[in-house]
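Below is one structure; the comments refer to it alone.
The values are calculated or read from the model by the stated rules, or taken from the named source; none is laboratory data. None of these values were measured; they are calculated from a predicted model. Methodologically, a virtual Cβ is constructed for each residue, glycine included, from the backbone with ideal geometry; neighbour enumeration extends over all protein chains shown. For the accessible areas, the whole protein counts, side chains as well, though only heavy atoms, and no ligand, DNA or RNA atoms are used. Shrake-Rupley method; radii C 1.70, N 1.55, O 1.52, S 1.80 Å.
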Amino acid sequence: MKNFDLIVVGSGIMGAFHAYHAAKKGKKVLIIEKDNFPVSATVRNFGQAVPSGSAGKWFNYGRRSLEIYKDIQQQFDISVRKNGTIYIASDDTEWQLANELFDIHQRQGYECSLLSKRQCLDLYPELKQDYVRGAIYYPNEVSVEPNLLIYRIIQYLQEQLGVTYLNNTGVINCTDVSGKVVVTAAGSQLYSADKAIICSGYVFNLLFPEIYAQSGMVVSKLQMLQTVPLTNVSIKGNILTGLSIRRYESFEQCPSFKNITTPEHYSELKKWGIHILFKQAIDGSVIIGDSHEYAPVGRTDELGFDTQNHINELMLKEAERIMSFPVRKIARAWAGFYAQHPNDIFEFDVSPNIHIRTGIGGKGMTTSAGYAENMIASLL
């Protein structure tokens, strides 16, 4: 039986960064991944790290995550690009919230600026004039390529930090035996460690299904679209819009938020949890997202794995209201899934040495690096 200091089950962004911080502390780490590489939320997301969308401790985890991303990027190309984030307000309500969040982040020492309509149009000439009221801009936030990032992080963990990566291996049992964790893989291979951290995403039926059944977690299904490469379009950074201002946690802390109402033209979009984001990939294509549908543990298959044309059409119509480039030149559409918990994350200690950490929701790409650093410091 091979022995380690820490076994991490799941190599998505949460698992990978728990392994990263443990290895940085000199621990001998094994990551066990049921697939060849991660295939779920970590690679099917929008590809942005935006602390500006979070509040409280998650805002702080996001800020720390940016520092960690940039540190790794200086040593090893993981596709991180510091192109900034902008939230475009489309009406007076959204503009008021942008101003209030600007004041909050100024007090917190988080660099941002307010942009006038003219400044927005100069920075992003693809924006339609009728849509723009103003914006709040965060110059230090980053974009990543979700189809590259985690693969390169796993490569970095193996080559630079000596982490062992065991893929195509399902874990079927994890027990605490006399102060040691024993992990059983499909095929009856055994591995042991002082600690195990389970970062299983929305896979609820392999390990500890009875715990997940009582967890209160839900799975969110997102639909996203991607255009063909658009050679005459150049939109740097993460572009979020009025619906994002009305949805994101950070704006909920603004004094005016509790009194906002939903305009009629947003009602159908809000029903499907749609808020429009744009991000241009390295090849010139533009990712457009996204929507949100929900199902509890045990019923996640009811969400289906296809995409609904009605939802795609709602997103495209709103995208056309915002941008002048040909948003309907779509090359592909896909659905992503992630687990989330009413308390922002599911933390459950199965035993003194076996710890479940999953259900981080849509903020995984933004906050996992900082969160995992704090968690490893407390557990190891």
Worksheet item: Tell me, what is the FRET efficiency for Ser351 and Asn168 to the nearest 0.05, using R0 = 25 angstrom and their Cβ-Cβ distance as r?
Response: 0.40
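In square nanometres, what is the average projected area of the Cα convex hull of region 152-223? Working shown, then result.
Working: hull surface 28.2 nm².
Value for region 152-223: 7.1 nm².
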Item to complete: Just need the relative contact order of the chain here, percent rounded to a whole number, with Cα pairs under 8 Å and 6+ apart.
Response: 27 percent
Item to complete: Report Rg (one decimal) and Dmax (nearest whole number) for the chain, counting Cα atoms only, units Å.
Response: 21.0, 67
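Multiply the residue gap between Arg332 and Asp91 by 0.36 nm, knock off their C-alpha separation, and tell me the result in nm, one decimal place.
On the way: separation 241, 0.36 × 241 = 86.76 nm, distance 3.12 nm.
Extra length from Arg332 to Asp91 when fully extended: 83.6 nm.
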Worksheet item: What is the spin-label model distance, in nm, from Asp103 to Arg299 if the labels are put 7 Å beyond Cα along the C-beta direction?
Response: 4.2 nm
Discussion item. Charges at C-beta only: +1 for Lys and Arg, -1 for Asp and Glu. How large is the resulting dipole of region 1-135 about its Cα centre, in Debye rounded to 20?
Written reply: 700 debye
Worksheet entry | the chain - percent of accessible surface contributed by carbon and sulfur, probe 1.4 Å | 48 percent
Item to complete: Please give the length that would be gained between Ser116 and Glu67 if that part of the chain were fully extended, namely 0.36 nm times their separation in residues minus their C-alpha to C-alpha distance (nm, one decimal).
Response: 14.7 nm
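Could you give the length gained by full extension between Lys2 and Glu210, i.e. 0.36 nm per residue of separation minus their alpha carbon distance, to one decimal place? Let's see the in-between values first.
On the way: separation 208, 0.36 × 208 = 74.88 nm, distance 2.82 nm.
Computed gain between Lys2 and Glu210 is 72.1 nm.
How much of the DSSP beta bridge set in the chain is antiparallel, as a percent to the nearest 5? Let's see the in-between values first.
Numbers: 52 of 72 bridges.
Antiparallel bridges: around 70 percent, rounded to the nearest 5.
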Item to complete: Consider just the alpha-carbon atoms of region 285-353 and return their Rg together with their Dmax, both in angstrom.
Response: 17.1, 56
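Tell me, what is the FRET efficiency for Ile260 and Ala186 to the nearest 0.05, using R0 = 35 angstrom and their Cβ-Cβ distance as r?
Working: r = 50 Å, r/R0 = 1.44.
In this case the efficiency is close to 0.10.
One-quarter of the Cα convex hull surface for region 93-155, in nm²? Kindly include the intermediate steps, with their values, before the conclusion.
On the way: hull surface 25.0 nm².
Computing the convex hull of the Cα atoms and averaging its projections yields 6.2 nm².
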Worksheet item: Which entries in Lys57/Lys270; Lys279/Lys329; Lys2/Lys28; Lys317/Lys363; Lys128/Lys317 show an alpha-carbon gap greater than 23 Å?
Response: Lys57/Lys270; Lys317/Lys363
Item to complete: Output the Cα-based Rg and Dmax of region 1-67 in Å, rounding Rg to one decimal and Dmax to a whole number.
Response: 14.2, 45
Worksheet item: Cross-link partners among aspartates and glutamates for Lys24, C-alpha distance below 20 Å, same-chain residues fewer than 8 apart left out?
Response: Asp5, Glu67, Asp71, Asp77, Glu159, Asp194, Glu373
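For region 34-162, what does the accessible surface come to per residue with a 1.4 Å probe? Please give it in Å². Intermediate values should be presented prior to the final figure.
Details: 5350 Å² over 129 residues.
Dividing the accessible area of region 34-162 by its residue count gives 41 Å².
Please report the relative contact order for region 281-380, taking Cα pairs under 8 Å with a sequence separation of at least 6, and give it as a percent rounded to a whole number. Numbers along the way, then the final one.
Values: 60 pairs, mean separation 15.9, N = 100.
Relative contact order here is 16 percent.
Exactly which GluC sites (Glu not before Pro) in region 82-123 are in a DSSP loop and have at most 16 other Cβ atoms within 10 Å?
Numbers: sites: Glu94, Glu100, Glu111; in loops: Glu111.
Passing sites in region 82-123 are Glu111.
What dipole magnitude, in Debye to the nearest 20, does the chain give about its Cα centre under +1 on Lys/Arg Cβ and -1 on Asp/Glu Cβ? List each step's numbers first, then the result.
Values: 37 positive and 38 negative charges, 109 e Å.
Computed charge dipole of the chain: roughly 520 debye.
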Discussion item. Could you check the spin-label model distance between Lys82 and Gln253? Points 7 Å from the Cα along Cα→Cβ, value in nm.
Written reply: 2.3 nm
Worksheet entry | Sum of -39500 (n - 2.57) over DSSP H runs of 4+, divided by residues of the chain (222 nm, nearest 500) | -9000 deg cm²/dmol
Discussion item. Using the basic label-point model (7 angstrom from Cα toward the beta carbon), what is the Val39 to Gln160 distance in nanometres?
Written reply: 2.9 nm
